[in-house]
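The structure appears below as structure tokens.
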Amino acid sequence: MINCIIASTSTLHGSGPLEYILDTLSDLYINTDEILFIPYARPGGISHDQYTIGIHNIFKKINKKIVSIHMFSDPIKAIKDAKGIYTGGGNTFLLVDQLYRNNVIDPLKEAIHSGTPYLGTSAGSNICGLNMKTTNDMPIVYPPNFKTLSIVPFNINPHYLDPDPDSTHKGETRETRIKEFHNFNSQPVVGLREGSWLRVHNNEIILHGNLSARIFEKDKTPYEIETGSSLSKLN
């Protein structure tokens, strides 16, 4: 019954927030006019109120209203009552920490698995994997647990970047970091490039967007899959 979009990013260079995916979101949230927003990933700079207002202004373009979970005295009930949910980007450590500390990680997982339409971008997509260990973020807080929503049977690496052959930087590439992860963990990792997203509907997981995705499996050579490909058997 899962019905969600796992997007690498909210904003592409040269376009407005969520602009590249608005038509897809109209389809995702076709049966509701109100979406519950989870702003927990934002570490500072703007308040949850300001973050919510910005997201609301984006969703007005497709005639949807945004209400934020932080405005409810009972966040668990807010998730259970929601007809659509969106978790935005920021810092994944902070997001997971707040989900656990507000006791909503399990209700959120249950809601998504029960069919509540869900959008995750950046940190909000990272939590759709088995755990958050393939985030690109710094550990600015220490969440009680690294386990996340298990919406898909693998891990996500949003904002995946290929090595730049012209760069003078000699530090670790994103691919190197993921290979390090596989020294201690067995689940596959999907490197989602900017502008790509996974459409998860019932038992199908399909890659969308203009770019391929890079797939990492333990003890295997990384490989590419083209847009339109199924990841339903990747586990």
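Every condition in (1) surrounded by 13 or more Cβ atoms within 10 Å (Cβ to Cβ); (2) over 15 Å from residue 111 (Cα atoms); (3) at pLDDT 95 or above holds for residue 29 except the one numbered (2). Say whether the condition of being at pLDDT below 95 and in a loop (DSSP other than H, G, I, E, B) is met by at least one residue in the stretch 174-194. For the stretch 174-194, residues at pLDDT below 95 and in a loop (DSSP other than H, G, I, E, B): absent.
Restricting the search to the stretch 1-29, which residues are hydrophobic (A, V, I, L, M, F, W, C) and part of a loop (DSSP other than H, G, I, E, B)? The answer is 1, 2, 12, 18. Of the residues that make up the stretch 134-157, is at least one surrounded by 15 or more Cβ atoms within 10 Å (Cβ to Cβ), among the basic types (Lys, Arg) and closer than 19 Å to residue 92 by Cβ? Yes - at least one qualifying residue is present in the stretch 134-157. Residue 95 passes every criterion in (1) buried (at least 24 other Cβ atoms within 10 Å of the Cβ); (2) out of contact with any Leu (no Cβ under 9 Å at 6 or more places or on another chain); (3) more than 13 Å from residue 37 (Cβ to Cβ) apart from (3). Looking across the stretch 189-223, just one residue is in contact with a strand residue (DSSP E or B) (Cβ under 6 Å, 6 or more places away or on another chain), surrounded by fewer than 15 Cβ atoms within 10 Å (Cβ to Cβ) and free of Cβ contacts under 8 Å to residues at least 24 places away in the same chain, and that is 223. Within the stretch 59-74, the only residue that satisfies the criterion of being farther than 28 Å from residue 194 by Cα and either buried (at least 22 other Cβ atoms within 10 Å of the Cβ) or of a type in the set (Asp, Glu) (or both) is 74.
Would you confirm, using the coordinates I've provided, whether residue 150 is over 18 Å from the mean Cα position of the chain (by Cα) and either farther than 16 Å from residue 213 by Cβ or aliphatic (A, V, I, L, M) (or both)? So residue 150 fails the test. Looking for something in contact (Cβ under 8 Å) with a residue 40 or more places away in the chain, outside any strand (DSSP E or B) and at positive phi - is there at least one such residue anywhere in the stretch 68-83? Looking through the stretch 68-83, none of the residues is in contact (Cβ under 8 Å) with a residue 40 or more places away in the chain, outside any strand (DSSP E or B) and at positive phi.
For the condition in contact with a helix residue (DSSP H, G or I) (Cβ under 9 Å, 6 or more places away or on another chain) and closer than 27 Å to residue 211 by Cα, residue 69 does not qualify. For the stretch 85-139, residues that are over 23 Å from residue 30 (Cα atoms), in a helix (DSSP H, G or I) and either under 10 Å from the mean Cα position of the chain (by Cα) or not charged (D, E, K, R) (or both) total 11.
The values are calculated or read from the model by the stated rules, or taken from the named source; none is laboratory data. Note that the structure is predicted; figures quoted are calculated from it, not measured. Heads up, the Cβs are rebuilt from the backbone with ideal geometry, glycines too, and the neighbour counts pull from every protein chain shown.
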